[in-house]
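For reference, the structure discussed in these notes is given below.
The values are calculated or read from the model by the stated rules, or taken from the named source; none is laboratory data. Please read all numbers here as calculations on a predicted model, not as lab measurements. Ideal geometry is used to build each Cβ from the backbone, glycine not excepted, and the neighbour counts take in all protein chains shown. Note: areas computed on protein heavy atoms with side chains; ligands, DNA, RNA excluded. Shrake-Rupley method; radii C 1.70, N 1.55, O 1.52, S 1.80 Å.
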Amino acid sequence: MAVGIAVLATNFAAAVWGGVAWLRRIPSVIFWYLLRVAQGVVILQVALGLFLLIGQGKRAVSDLHYLYGVALLVIALVAEAFRAGVAQREIDKREIEDVEALERRDQVLLARAVVRNEMGIMTMSVIAVVTLALRAFATGS
C-alpha cells in the first residue's frame, strides 16, 4: 500500500514539474531526477507485487490489477524508446548536415529543443503512469 502511494506521489510530482517546465519552455534538471525516482519506485512496486504473488501466493482481487502493473513498466520503456529518437528527429526536421558545424547559438537552440521535446514525452508518460496507477490501486486491494 505504501509503495503504491509512493508510485502515485512520485509520478504525480514528476508530471506536474515536467508539465510546468515544458509549458514554460524551461529545461529542468530537477525533472529528470524526479522522473528517475518515480521510475525506480514503479520498478520497486512491480517487484514487490511479483514477490507477493510468486513468493507468498497472495493474489489481487481483480486480474486487471496485474495488467495495470505491467502496463506501468511498458509505458516507461516505450517512452524511453521514443525519447531516444528525439535528437535525430530534431536534426532531420531542421535539415542539419553537421551539428558540429553549427554556430554555438544554434547548437544551444537545438539542444534546448531536444531537451524540451524529451521532457514532453516523458511528462506524458508519467501522466499515463499516474492514471494507470490510480486504476491499479482501485483494483488491487
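Worth pointing out:
- Placing R0 at 25 angstrom, the Cβ-Cβ distance between VAL70 and ILE30 gives a FRET efficiency of 0.30 after rounding to 0.05.
- Legend: calculated FRET efficiency, ILE5 to ARG89, from the Cβ-Cβ distance at R0 = 41 Å, rounded to 0.05, equals 0.65.
- Value at 222 nm in deg cm²/dmol, rounded to 500, when DSSP H runs of n ≥ 4 in the chain each add -39,500 (n - 2.57): -27500 deg cm²/dmol
- Separation between Cα centres of the range 98-114 and the range 60-91, rounded to whole Å: 29 Å
- Placing LEU52, LEU132 in order of accessible area, with the largest value first and a 1.4 Å probe, yields LEU52, LEU132.
- Of all accessible heavy-atom area on the chain, the percent that carbon and sulfur account for (1.4 Å): 68 percent
- Taking trypsin sites (Lys or Arg not before Pro) across the range 57-106, the ones in a DSSP loop with at most 12 further Cβ atoms lying within 10 angstrom of their Cβ are LYS58, ARG59.
- In degrees, nearest ten, helix 64-84 long axis to first principal axis of the chain (Cα): 10 degrees
- Answer label, with semi-axes √(5λ) of the Cα gyration tensor in Å calculated from the coordinates and candidates (1) 32, 20, 11; (2) 36, 14, 11; (3) 23, 19, 15: (2)
- Protein heavy-atom accessible surface, 1.4 Å probe, per residue over the chain: 62 Å².
- Counting only alpha carbon atoms, the long axis of helix 29-50 and the longest principal axis of the chain meet at about 30°.
- Angle in degrees between helix 2-24 and the longest Cα principal axis of the chain, rounded to the nearest 10: 20 degrees
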